[in-house]
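Structure record follows, encoded as structure tokens.
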Amino acid sequence: MKYKLNDFLIDGVKAKILAKKYSTPLYCYSLSKIKENIKNFQKSFKSIDPLVCFAVKANPNKVILRQMGKLGLGADVVSIGELMNALKSGIKPNKIVFSGVGKTSYELTHAIKKNILLINAESKSEILEIERIAKIKKKKVNVGVRLNPNTDAKTLSQISTGKKENKFGIPEKELLNIIIYLKNSKYLNLKCLSVHIGSQILDHAPYEKMLKVLKKIINKTKFKFEYIDLGGGMGIDYENKSKRLNLNRYSKSIKKILIKNKSKIIFEPGRSIIGNAGFLISKVIYIKEGHKKDFIILDAAMNDLIRPALYGSKHSIIPVRKNKKIKKKEIEFVGPICESADKFLNLKKYQAIKENDFILISDVGAYGMSLASNYCFRPKPAEILIDKSIIKLIRKKENIKKLILNN
């Protein structure tokens, strides 16, 4: 992704051509960037040789999931819909991990029927429910238990999952009792110790702390876990501050702390694989001049990309066509929805921009389209995947008439 003669190119294709052909808002993904991210991830952890299960909630598009499977990845799912989607996309059951605190009996039954690799349980009640279903089905089911390590990921409170006040995982004392119970179960096969402390982590320290807690717990259980599931949470540099998580350092810490266990490591990355491979192309509808700042009103809205409204997150916004005219008046990129939260970014200066120009919102590959909605009866955007200048429509823009008829 780069500028050529002032036009922004995504894998060799001019963004303005994409905008005009497929209409805006439009989600665009670079397959070469996805492959590069996977390659870098696998290279960083080569000495560990982990099972990498892509977090489907980050981006559930079937075409993208099919590519993940072809590149050797499994899937981390948190609902029956994601499980069915992963299987339909060709990901093998023996590479699927089912996570989440609220799996229903129906979802658990389906997962057991499909013989997936692991169901990571997060409470005693869930374990008893899995056992009840396994007994009816006369099957022995592979399960993991998720530890709450009481580790602060030092990230947004909305996406922190490893502290004792969070709903996720099982506290140490209760977990030790559950493991004793599982050792004696006729229908449950304890395979994995799981942990996940949050998302968008850019600092090595929380992982280091988590690993030390894991080591202590493993020593206390005196149990040989076939798998240690370390979750995901690796962040990306949304704000272009050149801050990146050192995966090589994380890999060395894992080897150093968990070296005696010889367990197979599982990772569940989502954002770090797909986040920076996606763009949302939008059109400037109006420019509304104000006393202190101008409002750049886009045709993309919070229903298309809710992260700024939901988390206060910042995504870089770049012009589809670059010029050298810099306007120093403050501007705010906003959407058309009647809510003050429907905004994307404030900037003190920006290049001169006109109505009907196109812009790109960067790093939207993760939790962009997956969190999109039909709020205000707005149809969800189309999605395209670009592979070496070849454009593939991987999801059509919703039809407003069908949307209303199906309501």
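The table below gives the values:
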item: Residue check for residue 370: among the polar types (S, T, N, Q), farther than 20 Å from residue 4 by Cβ and in a loop (DSSP other than H, G, I, E, B); result: no
item: Wholly within the stretch 1-100, strands (runs of 3 or more DSSP E) carrying at least 3 residues that are open to solvent by less than 10 Å² (accessible area, probe 1.4 Å) and touching a Ser or Thr at 6+ places or on another chain (Cβ under 9 Å); result: 74-77
item: Conditions (1) closer than 16 Å to residue 277 by Cα; (2) more than 19 Å from the chain's Cα centre (by Cα); (3) not hydroxyl-bearing (Ser, Thr, Tyr): number failed by residue 334; result: (1)
item: Every pair of residues 6+ apart whose Cβ atoms lie under 7 Å, when the first sits in the stretch 111-123 and is touching a residue at least 12 places away in the same chain (Cβ under 8 Å) and open to solvent by less than 20 Å² (accessible area, probe 1.4 Å) while the second is assigned to a loop (DSSP other than H, G, I, E, B) and basic (Lys, Arg); result: 112/139
item: Scope the stretch 177-199; condition of a type in the set (S, T, N, Q) and crowded, with 23+ Cβ neighbours inside 10 Å; matching residues; result: 194, 199
item: Among residues of the stretch 321-360, those that are of a type in the set (Val, Ile, Thr) and under 17 Å from residue 304 (Cβ atoms), counted; result: 3
item: Qualifying residue in the stretch 373-380 (condition: over 23 Å from residue 399 (Cα atoms), at pLDDT 95 or above and either assigned to a loop (DSSP other than H, G, I, E, B) or of a type in the set (Ser, Thr, Tyr) (or both)); result: no
item: Residue list for the stretch 76-113, restricted to those being of a type in the set (A, V, I, L, M), within 16 Å of the chain's Cα centre (by Cα) and closer than 21 Å to residue 139 by Cβ; result: 77, 83, 86, 96, 97
item: Residue 240 within 23 Å of residue 43 (Cα to Cα) and not in a strand (DSSP E or B); result: no
item: Of all residues in the stretch 381-393 being closer than 15 Å to residue 25 by Cβ and not in a loop (DSSP other than H, G, I, E, B), the one that is most open to solvent (accessible area, probe 1.4 Å); result: 393
item: Subset of the stretch 142-152 [open to solvent by 10 Å² or more (accessible area, probe 1.4 Å) and at pLDDT 95 or above]; result: 142
item: Out of 252, 314, 325, sole residue that is open to solvent by 20 Å² or more (accessible area, probe 1.4 Å) and touching a residue at least 60 places away in the same chain (Cβ under 8 Å); result: 314
item: Restricting the stretch 196-228 to residues that are under 16 Å from residue 253 (Cβ atoms) and among the acidic types (Asp, Glu), the residue that is modelled with the highest pLDDT; result: 208
item: Residue list for the stretch 75-134, filter: polar (S, T, N, Q) and within 28 Å of residue 38 (Cα to Cα); result: 79, 85, 89, 94, 99, 115, 120
item: Answer residue from the stretch 347-380, given it is among the aliphatic types (A, V, I, L, M) and open to solvent by 40 Å² or more (accessible area, probe 1.4 Å) and is farthest from residue 293 (Cα to Cα) among those; result: 371
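The values are calculated or read from the model by the stated rules, or taken from the named source; none is laboratory data. It should be emphasised that the depicted structure is a prediction, and the values quoted were computed from it without experimental measurement. FYI the Cβ positions are ideal-geometry reconstructions off the backbone, even for glycines, and counts take in every protein chain you see. What goes into the accessible areas is simple: the full protein's heavy atoms, side chains included, and nothing from ligands, DNA or RNA. Shrake-Rupley method; radii C 1.70, N 1.55, O 1.52, S 1.80 Å.
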